[in-house]
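**Q** One structure coming up, written as structure tokens, with questions to follow.
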Amino acid sequence: MTAAAEAVASGYHSLMARRVMVLILGLAALVASFVLDVATGPAMLRPEAVIRSVLRLAEDRTVDAIVWSIRLPIALIALVVGASLGLTGATMQTILNNPLASSYTLGVSAGAGFGAALVIVFGQAIPLPEHYAIPVMAFVFAGLACSGVYAIGRSRGATAQVLVLAGIAFLFLFQSLLSLLQFVASPEALQSIVFWLFGSLQKATWPKVGIVAAVLAGCIPVLVVDVWRLTALRLGDDRARGLGIDVRALRLRALLVVSVLTGAAVAFVGTIGFIGLVAPHIARILVGEDQRAFLPASALFGALLLSCASVASKAIIPGAIFPIGIVTSLIGVPFFIWLITSSRKVFW
Amino acid sequence: MRLDLARVGVRYGGVEAVRDIDLSIAGGEILALLGPNGSGKTSLIRAIAGLVPMTGRLLFDQRPERPRDIGYMPQDIATQAALTVLEVVLLGRFGKLGLRVGRHDLAAVQGLLADLGIAALAGRQVTQLSGGQRQLVFLAQALAAHPRLLLLDEPISALDIRHQLEVMEMLRRVTRERGITTITILHDLNVAARFADQIVMMRAGACIAAGPVETVLTPALVEQAFEVVPLVFRAPDGRLLVTPLHASPHR
């Protein structure tokens, strides 16, 4: 190998090493945030007690009860939902070639919100207990919103522009339907709808964590198969097609993954905004858009952001828990503005 | 690879962008597509690449199936992708890449970067490059998969004259050595005269002349295609040179 070839190869390997380092540091921050999340609450626990309980190194019935029955499902659902939202945002920003894309852009979250509100208002007509019916209907309507966008995409060529416009149409449709439901709802139902829309991790249970984690684990391999195709798509439709990629099929396939992931993520915790938008931006600045690094980094930072928001939601007013959707926006907006105005340099 | 086109046409809605193009080109040759703006050159090259629906018949080595190893470089070199030069060029080998990029892939890409004089840019972000540098990067990408058919849409339009010369010499060498069929859209008639084996002159979607340089770059045909009166003469080394003098009085 010539000196020039070695310089190119070593440059590439050091770039990959930097990316791996970012992922390792992100993972370390995630572990710290996770431990803090489990430790924080009305009864504050010491982090080492949390670690001992999680790793089953010591037995303390009170600590174990708090950790295993209450706080671990909440802390874990923050991780899996955050990772799912980060991943969907990254995928959507890539396939729609639009930095503003997230689950909100395609009206998926609005669809889920409408599905949940439908149960809250007309719950007595649905033969399922409300705590099952709400996530099921939220998932179904998130899927319906995505299916509508998918159907329009299939018939009109699935360009980024068609999908964004179709998504915005569904966003307004479901927001209007949701407003209609709020208009006819009783004061109690209205309060429940508003609370669901705020988003909350507090109703997390082990089965819910398992479902979201299983959906996430099922979707990751589908995206992994397409990492190079998605990276190539960042160079534009024409260049990707010139490389022999079926761009239309790729977009529709990715859209399906996004629909399932978003549906599962928002079904149990409500519409949590901002994670899907901001996590990919952080990932892009830190590791670039080679999707082999970009997708895991987006998932990682999505999980980290929601985990930190979960800690903050319990720390703002000791003893009270702020709705997580409000916290993500309140903390996320200033952070995001700082991110897009100050980071002219990129790390990678 | 031998490429044969018979009555190839491209239509966008009611607009006929390309009509009845017949041409044949053998491996190891460069064919230059010339013509004024809007004459259908890009549509024709996109039809050959399989990017737009077309009528007529295309044969690749006598077979209708479009091979996978086609290198295509579009005219548009703008990009917002947060990728390095090396990654963009690696994508040219997309069908061969695994999750882990191998030494073989890196070696192939570095050879191309060195050939095009952009090895020093390998780690730079593609968005930070000048238009000319980006053109070289996307040319490297088109060449990265060792294509047998190379389709280039204005590959040197943003390059300075030294780079134009170097790139065209490199393309000629690669085309000859690997037996590639190269079809390139060019706006500089003198570059076409110097490097093309064949020229297809287009106007309003149709081919008005095709053949070796001397038979196509005649004053009458250049005037017919571009509506300028040209001076066509030979340099002391025998090379054909074309200079536009003034707009044609027959416009």
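The values are calculated or read from the model by the stated rules, or taken from the named source; none is laboratory data. Only a predicted model underlies this, so the values are computations on that prediction, with no experimental measurement involved. Neighbour counts are summed over all protein chains in view; Cβ atoms, including those assigned to glycine, are modelled from backbone coordinates with ideal geometry. Ligands, DNA and RNA are excluded from the accessible area calculation, which covers all protein heavy atoms including side chains. Shrake-Rupley method; radii C 1.70, N 1.55, O 1.52, S 1.80 Å.
**Q** Please pick out the residue among A:29, A:83, A:65, A:43 that is crowded, with 18+ Cβ neighbours inside 10 Å and small (Gly, Ala, Ser).
**A** Only one candidate qualifies: A:83.
**Q** With the requirement that a residue be more than 7 Å from chain A (Cβ to nearest Cβ) and either open to solvent by 10 Å² or more (accessible area, probe 1.4 Å) or part of a loop (DSSP other than H, G, I, E, B) (or both), what does the range B:61-75 give you? Don't jump to the end; show me each part of the working.
**A** Here is the first cut: in the range B:61-75, the residues more than 7 Å from chain A (Cβ to nearest Cβ) are B:61-67, B:69-71, B:73, B:75.
Correct list: B:61, B:62, B:63, B:64, B:65, B:66, B:67, B:69, B:70, B:75.
**Q** Still on this structure: So, of the residues in the range B:125-134 that are more than 10 Å from every other protein chain (Cβ to nearest Cβ) and not in a helix (DSSP H, G or I), which turns out to be nearest to residue A:7 (Cα to Cα)? Working first, answer last.
**A** In the first step, residues of the range B:125-134 are kept if they are more than 10 Å from every other protein chain (Cβ to nearest Cβ); the result is B:129-134.
Filter again for not in a helix (DSSP H, G or I), leaving B:129-130.
Numbers: B:129: 19, B:130: 22 Å.
In this case the residue turns out to be B:129.
**Q** Here is a list of conditions, (1) within 13 Å of another protein chain (Cβ to nearest Cβ); (2) open to solvent by 20 Å² or more (accessible area, probe 1.4 Å); (3) without any contact (Cβ under 8 Å) to a residue 40 or more places away in the chain, and residue B:212 meets all of them except one; can you say which number that is?
**A** Going through (1) within 13 Å of another protein chain (Cβ to nearest Cβ); (2) open to solvent by 20 Å² or more (accessible area, probe 1.4 Å); (3) without any contact (Cβ under 8 Å) to a residue 40 or more places away in the chain one by one, residue B:212 breaks only (1).
**Q** If you go through the range A:305-335, how many residues are of a type in the set (A, V, I, L, M, F, W, C) and open to solvent by 30 Å² or more (accessible area, probe 1.4 Å)?
**A** Final tally of qualifying residues: 13.
**Q** Can you find even one residue in the range B:29-41 that is assigned to a helix (DSSP H, G or I), within 14 Å of another protein chain (Cβ to nearest Cβ) and at pLDDT 95 or above?
**A** No, the range B:29-41 has no match at all.
**Q** The conditions are (1) of a type in the set (A, V, I, L, M); (2) crowded, with 24+ Cβ neighbours inside 10 Å; (3) farther than 23 Å from residue B:24 by Cα; (4) assigned by TED's automatic domain parsing to the domain that holds residue B:187, and residue B:167 fails exactly one of them. Which is it?
**A** (2)
**Q** Return the only residue of A:291, A:182 being at pLDDT 90 or above and under 30 Å from residue A:124 (Cβ atoms).
**A** On the way: A:291 fails: under 30 Å from residue A:124 (Cβ atoms).
Unique residue meeting the criteria: A:182.
**Q** If you don't mind, there's one more thing I want to ask. In this structure, does residue B:30 turn out to be crowded, with 23+ Cβ neighbours inside 10 Å, in contact with a Gly (Cβ under 9 Å, 6 or more places away or on another chain) and assigned by TED's automatic domain parsing to the domain that holds residue B:168?
**A** It is false that residue B:30 is crowded, with 23+ Cβ neighbours inside 10 Å, in contact with a Gly (Cβ under 9 Å, 6 or more places away or on another chain) and assigned by TED's automatic domain parsing to the domain that holds residue B:168.
**Q** Return the residue satisfying two criteria in turn: it lies in the range B:76-97 and is more than 9 Å from every other protein chain (Cβ to nearest Cβ) and part of a loop (DSSP other than H, G, I, E, B), and of such residues it is nearest to residue A:285 (Cα to Cα).
**A** Restricting to residues being more than 9 Å from every other protein chain (Cβ to nearest Cβ) and part of a loop (DSSP other than H, G, I, E, B), the top hit is B:77.
**Q** Look through the range B:135-148, keep the residues that are of a type outside the set (S, T, N, Q) and more than 11 Å from chain A (Cβ to nearest Cβ), and return whichever of them is farthest from the chain's Cα centre (by Cα). Spell out how you get there, then give the answer.
**A** Our first condition is that a residue be of a type outside the set (S, T, N, Q); within the range B:135-148, this holds for B:136-140, B:142-148.
From the residues that got through so far, the ones that are more than 11 Å from chain A (Cβ to nearest Cβ) too are B:136, B:139-140, B:143, B:146, B:148.
Working: B:136: 13, B:139: 10, B:140: 13, B:143: 12, B:146: 15, B:148: 13 Å.
Among those residues, the one meeting the criterion is B:146.
Per-residue answers, yes or no, for (1) at pLDDT 80 or above; (2) touching a helix residue (DSSP H, G or I) at 6+ places or on another chain (Cβ under 6 Å); (3) open to solvent by less than 20 Å² (accessible area, probe 1.4 Å):
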{"position": "A:111", "(1), (2), (3)": "yes, yes, yes"}
{"position": "A:115", "(1), (2), (3)": "yes, yes, yes"}
{"position": "A:119", "(1), (2), (3)": "yes, yes, yes"}
{"position": "A:126", "(1), (2), (3)": "no, yes, no"}
{"position": "A:129", "(1), (2), (3)": "yes, no, no"}
{"position": "A:133", "(1), (2), (3)": "yes, yes, yes"}
{"position": "A:136", "(1), (2), (3)": "yes, no, no"}
{"position": "A:139", "(1), (2), (3)": "yes, yes, no"}
{"position": "A:149", "(1), (2), (3)": "yes, yes, yes"}
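**Q** It is to be established whether one or more residues within the range B:100-112 are over 18 Å from residue B:82 (Cα atoms), loosely packed, with under 14 Cβ neighbours inside 10 Å and facing chain A (nearest Cβ under 10 Å).
**A** Yes, there is a match, as at least one residue in the range B:100-112 is over 18 Å from residue B:82 (Cα atoms), loosely packed, with under 14 Cβ neighbours inside 10 Å and facing chain A (nearest Cβ under 10 Å).
**Q** Now for a different question. With the structure loaded, tell me whether residue B:6 is assigned to a strand (DSSP E or B), closer than 23 Å to residue B:76 by Cβ and not charged (D, E, K, R) or whether it fails that test.
**A** So residue B:6 does not fit the description; no.
**Q** Filter the range B:222-251 for residues that are open to solvent by 50 Å² or more (accessible area, probe 1.4 Å) and acidic (Asp, Glu) and give the result.
**A** Once the filter is applied, which keeps residues that are open to solvent by 50 Å² or more (accessible area, probe 1.4 Å) and acidic (Asp, Glu), the range B:222-251 yields B:227, B:237.
**Q** Within the range A:182-203, is there a residue that is outside any helix (DSSP H, G or I), basic (Lys, Arg) and either open to solvent by less than 60 Å² (accessible area, probe 1.4 Å) or in contact (Cβ under 8 Å) with a residue 12 or more places away in the chain (or both)?
**A** There is at least one residue in the range A:182-203 that is outside any helix (DSSP H, G or I), basic (Lys, Arg) and either open to solvent by less than 60 Å² (accessible area, probe 1.4 Å) or in contact (Cβ under 8 Å) with a residue 12 or more places away in the chain (or both).
**Q** Answer yes or no as to whether residue B:160 is in contact with a helix residue (DSSP H, G or I) (Cβ under 9 Å, 6 or more places away or on another chain), more than 14 Å from every other protein chain (Cβ to nearest Cβ) and open to solvent by 60 Å² or more (accessible area, probe 1.4 Å).
**A** Yes: the conditions hold for residue B:160.
**Q** Hey, which of the helices (runs of 4 or more DSSP H) in the range A:214-284, taking only ones fully inside, have at least 1 residues that are farther than 25 Å from residue A:336 by Cα and more than 11 Å from chain B (Cβ to nearest Cβ)?
**A** Correct list: A:247-269.
**Q** Of everything in the range B:113-123 that's in contact with a helix residue (DSSP H, G or I) (Cβ under 8 Å, 6 or more places away or on another chain) and either in a helix (DSSP H, G or I) or more than 10 Å from chain A (Cβ to nearest Cβ) (or both), which residue is nearest to residue B:91 (Cα to Cα)?
**A** B:113
**Q** From the list A:57, A:106, A:96, A:100, which residue is exposed (fewer than 15 other Cβ atoms within 10 Å of the Cβ), at pLDDT below 90 and closer than 30 Å to residue A:287 by Cβ?
**A** A:100
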